[in-house]
Every structure is written in C-alpha cells, then in structure tokens.
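The structure appears below as structure tokens.
The values are calculated or read from the model by the stated rules, or taken from the named source; none is laboratory data. Every value quoted in this text rests on a predicted model; they were computed, and no experiment measured them. Quick reminder, even Gly has a Cβ in these numbers, built from the backbone with ideal geometry, and neighbours come from all protein chains shown. Side chains included, ligands, DNA and RNA excluded: accessible areas come from the protein's heavy atoms. Shrake-Rupley method; radii C 1.70, N 1.55, O 1.52, S 1.80 Å.
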Amino acid sequence: MNLTGAFIGAMIGFWLTHYSLLGILVGGALGFMFDASRQQRRRTPAQGGYVAPLFALIGAVAKADGRVSEAEIAIAERLMARMGLDQDERRKAIAAFNEGKQPEFNASPVIDELRQWVGHRRDHAFPVIDVVIDTVLAEGAPSPAKMAILRELAFALRVSDMELMALMAMKGYAWNAGPGGRSQGGGHGGGYVPPQRNTQGPDPYAVLGIQRDSDERAIKRAYRKLISEHHPDRLGDLPEDMRRRAEDRASEINAAYERIKTERGFK
C-alpha cells in the first residue's frame, strides 16, 4: 500500500502538536486510514462492473429452489431492458445468468464482487438488494434457500435484517427474521419464517423499520434516516432503472410516514 498519506499525516501531526510523539502517531494513523480508503476505491470494479455478478446472482436465486421459472426469466429479461444494456452487455448478462443457475454455482464470490462495487455506499446497496428481491419474490412466498442467498447479500452489503424487512414491506410482503438471527454466512436460524404477502398493503411501520409503539421522536428519526439513504439524488451514475427504484422507495417511505402522522395526529 502507498503510505504517502501516513507520512504526510505524521508530519502534519508533528507540526500541529509542537513536535510531540502523540501528534506523529495520531497524524500517521489518520493518514494511513486515508490511504486505505483510496486503495479500497481503486479496487472497486469500474462502472458497469456490477452487471455480470448481479445477473449471476439473480440466476443463482432463480435456481435455488431447484428450477428456473418463466416468471424468473421474464424478470431478468425486463431488468436487462430497463437497464438499457447494449448488445454486448446483454450477452454478458445472459451468460452470467446462465452460469448462476448451474447446480454447482457458488454465489459467495459474486456477492463479494457486488460488495466491492458497492463499497461503503449504502445508497448503492439498497438498489442492488431491491433488484434481487424481485427474483426472490417472483413466485410469491420464497423458499428458505432463496432467502438465505438474499440475506447473505444483505449481510455482505451491511444491510440489517430490520432494513431488509423494510424493503420487503415496500413490496407488500411481511417478514420477520425470527429469533434465530443471522449466521455469519447469512443463513437463517431456527426461527425462520418465510415472507408472506400482506393483503392490507405495505405496513407503514415495517416500511420505516420501527415498532408500532415507537414514540414520535423515534418515528421522525427513522423517517429522516431512511429518506436520506434512499433519496435518488444521491445515487450518482447508477443506471436509470435503479434510480427509478430509489424514487419508488422514497415515495413509499413518504407515504408510510404520512399515514403514521395521520394516525398519530402529529405534524
């Protein structure tokens, strides 16, 4: 790793603290962290580098219950169209999807590629997970194997079970991770309960990721945090399809908040 930042930081710390050893150590540590951050960004795949691992993962999810359905194939095809892939990108996406649906395919390496592409951008993590959820829910309540892959992806992208529940709620599905919690590998515990369609529509409290007995301050704090993470203006150069998904999520979050405000009677 290039340690230029660590050296410069140490020198600045040495000067600012009037030549103390503590200044050297603190400045050097901050410079080292800056160098590490730059190195991480250089390792992140280039723009468009998410296409192959994303479609490979979608193929793996589709095959997780033993067969790839017409609905799952249709979702992959619609996604290619909405993402505006050119002919070469489309061929790569199809090849990746076909590779992902092979019985011996291991999803963990492509999940790691997506983790590298996302980096520390949580606003990029949510659109990726949202795309995969479409395939997970393509045939209704998904199998445990599909949910295990989804949870492994969420874990890798630093998205909690509570946040994953909120994303599922936005799509009209109620899900509880159960008391078993999440294993390191993203699998489900003994309390696993499959997501079920909510016939009453999205639960506004689940969308905001809060309990029904949350007070007004907690509700407002959850809303502000969510709307800042899901706002489409923060997405930079993501494909238009993913930007639209972010806009839809922001609309769902706003609608949920307005419903709760009306029910609770606060402004």
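Key figures for this structure:
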| item | result |
| --- | --- |
| Where ASP134 falls short, out of the listed (1) farther than 18 Å from GLY49 by Cβ; (2) open to solvent by less than 30 Å² (accessible area, probe 1.4 Å); (3) in contact with a helix residue (DSSP H, G or I) (Cβ under 7 Å, 6 or more places away or on another chain); (4) not hydrophobic (A, V, I, L, M, F, W, C) | (2) |
| Flag if GLY140 is at positive phi, touching a residue at least 60 places away in the same chain (Cβ under 8 Å) and assigned to a loop (DSSP other than H, G, I, E, B) | no |
| Residue match in region 123-132 (condition: without any contact (Cβ under 8 Å) to a residue 40 or more places away in the chain, more than 25 Å from GLY201 (Cβ to Cβ) and part of a helix (DSSP H, G or I)) | yes |
| Any hit, region 75-91, residues being among the aliphatic types (A, V, I, L, M) and in contact with a Leu (Cβ under 7 Å, 6 or more places away or on another chain) | no |
| Residue among GLU70, GLU89, GLU99 that alone is in contact with a Phe, Trp or Tyr (Cβ under 8 Å, 6 or more places away or on another chain) and either farther than 28 Å from LEU226 by Cβ or surrounded by fewer than 18 Cβ atoms within 10 Å (Cβ to Cβ) (or both) | GLU99 |
| Inter-residue pairs, beta-carbon under 9 Å, first under 18 Å from PRO144 (Cα atoms) and in region 156-177, second in a loop (DSSP other than H, G, I, E, B) and hydroxyl-bearing (Ser, Thr, Tyr), 6+ apart | ALA177/TYR192 |
| Selection status of VAL193, at pLDDT below 80 and either assigned to a loop (DSSP other than H, G, I, E, B) or open to solvent by less than 30 Å² (accessible area, probe 1.4 Å) (or both) | yes |
| Subset of region 196-223 (residues that are part of a loop (DSSP other than H, G, I, E, B), of a type outside the set (A, V, I, L, M) and either open to solvent by 30 Å² or more (accessible area, probe 1.4 Å) or within 17 Å of ASP161 (Cα to Cα) (or both)) | ASN198, THR199, GLN200, PRO202, ASP203, GLY209, GLN211, ARG212, ASP213, ASP215 |
